[in-house]
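K.L.:
Dropping the structure in here first, questions after.
The values are calculated or read from the model by the stated rules, or taken from the named source; none is laboratory data. Values in this document were obtained by computation on a predicted structure and should not be read as measured data. Virtual Cβ from ideal backbone geometry, glycine too; neighbours counted across all protein chains shown.
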Amino acid sequence: MIAVLVALALTAAVDDEAVKSGKLSGDMVDLNQATAVQLCSLPGIGPKKAEAILAMRSKRAFTRLTQLLQVKGIGPKTLDRLKARVRVGPPPPPPLPLPGLVPLPVPEAH
């Protein structure tokens, strides 16, 4: 049920945001920076595949386009369609620590 709601929300977001931002106009999409909405603007990529791409990226940044073949539902034909619209840029920088927060010391094992 939750997956259906997420899919519907992403589909609605693609319709609204992608058209307003021009993301359906053929802009390049960086696999290491793209949002679900931007991924859904690609040919052959819907909410489920976008979610799978983001899940894969959360484990490790993409280093080459062919890694998309590891995503369920993306095969050689889909990859060929995506090559003109997708690139692999540098991974996003790690999040900055919040000001005023000090890391807690790790207790020593005895």
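K.L.:
Within segment 55-67, track down each residue that is over 12 Å from the mean Cα position of the chain (by Cα) and assigned to a helix (DSSP H, G or I).
P.N.:
Correct list: 65, 66, 67.
K.L.:
What number of residues in segment 44-55 are under 20 Å from residue 77 (Cα atoms) and either crowded, with 19+ Cβ neighbours inside 10 Å or out of contact with any Ser or Thr (no Cβ under 8 Å at 6 or more places or on another chain) (or both)?
P.N.:
The total comes to 8.
For (1) under 17 Å from residue 40 (Cβ atoms); (2) modelled with pLDDT of 80 or more; (3) in a loop (DSSP other than H, G, I, E, B); (4) out of contact with any helix residue (DSSP H, G or I) (no Cβ under 9 Å at 6 or more places or on another chain), each residue gets a yes or a no:
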position: 69; (1), (2), (3), (4): no, yes, no, no
position: 72; (1), (2), (3), (4): yes, yes, yes, no
position: 77; (1), (2), (3), (4): no, yes, no, yes
position: 90; (1), (2), (3), (4): no, yes, yes, yes
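K.L.:
Of these, 13, 7, 34, 52, which one is at pLDDT 50 or above, part of a helix (DSSP H, G or I) and closer than 21 Å to residue 88 by Cβ?
P.N.:
The match here is 52.
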